[in-house]
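*Asks:* I'd like to ask you about the structure that follows.
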Amino acid sequence: MARSVVAVLAQLRARTQGLDGLGLPMHEPPNIGLGFASGIPGATEVPGVWVAGNATDLTAQVGPSAAAGALAGADINRMLAIADTDAALHEKCREA
């Protein structure tokens, strides 16, 4: 039977060049490809490393990828604010 169209599901793969030494966990959703594993705000199991966008959600387009980047940025800011507050409190306790 002659075919005029053939559809193929391409395997998606996050670019990992330069990140190999970090030991970031990967996930492989069925029939999609390979991406970085992370929690909702993009935090990974590696302390101090966040991932966002289609590096973790392989099917994300520009809008969701940008939103994931903003969420990761907010979470990073939250972690830095906590660290600054903890350091200030620790210093204050040392002075007392």
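The values are calculated or read from the model by the stated rules, or taken from the named source; none is laboratory data. Nothing here was measured: the structure is a model prediction, and the numbers come from that model. Virtual Cβ from ideal backbone geometry, glycine too; neighbours counted across all protein chains shown. Calculation scope for accessible area: heavy atoms of the full protein, side chains included, ligands and nucleic acids excluded. Shrake-Rupley method; radii C 1.70, N 1.55, O 1.52, S 1.80 Å.
*Asks:* Please count how many residues of the stretch 20-50 are open to solvent by 40 Å² or more (accessible area, probe 1.4 Å), part of a loop (DSSP other than H, G, I, E, B), farther than 17 Å from G73 by Cβ and touching a residue at least 24 places away in the same chain (Cβ under 8 Å).
*Replies:* Final tally of qualifying residues: 1.
*Asks:* In the stretch 10-19, is there at least one residue being assigned to a loop (DSSP other than H, G, I, E, B), open to solvent by 80 Å² or more (accessible area, probe 1.4 Å) and touching a Leu at 6+ places or on another chain (Cβ under 6 Å)?
*Replies:* Within the stretch 10-19 (the criterion being assigned to a loop (DSSP other than H, G, I, E, B), open to solvent by 80 Å² or more (accessible area, probe 1.4 Å) and touching a Leu at 6+ places or on another chain (Cβ under 6 Å)), the answer is no, since none of the residues qualifies.
*Asks:* Quick check on this structure: which one of A67, A96 is free of Cβ contacts under 8 Å to residues at least 12 places away in the same chain, among the aliphatic types (A, V, I, L, M), within 24 Å of L12 (Cβ to Cβ) and open to solvent by 30 Å² or more (accessible area, probe 1.4 Å)?
*Replies:* Numbers: A96 fails: within 24 Å of L12 (Cβ to Cβ).
Every option except A67 fails the conditions.
*Asks:* Moving to a separate point now. Given the criteria in contact (Cβ under 8 Å) with a residue 24 or more places away in the chain, of a type in the set (S, T, Y) and open to solvent by 70 Å² or more (accessible area, probe 1.4 Å), does T59 qualify? Give the steps one after another, and end with the answer.
*Replies:* Details: in contact (Cβ under 8 Å) with a residue 24 or more places away in the chain: yes; of a type in the set (S, T, Y): yes; open to solvent by 70 Å² or more (accessible area, probe 1.4 Å): yes.
Considered against the rule, which asks whether it is in contact (Cβ under 8 Å) with a residue 24 or more places away in the chain, of a type in the set (S, T, Y) and open to solvent by 70 Å² or more (accessible area, probe 1.4 Å), T59 comes out as yes.
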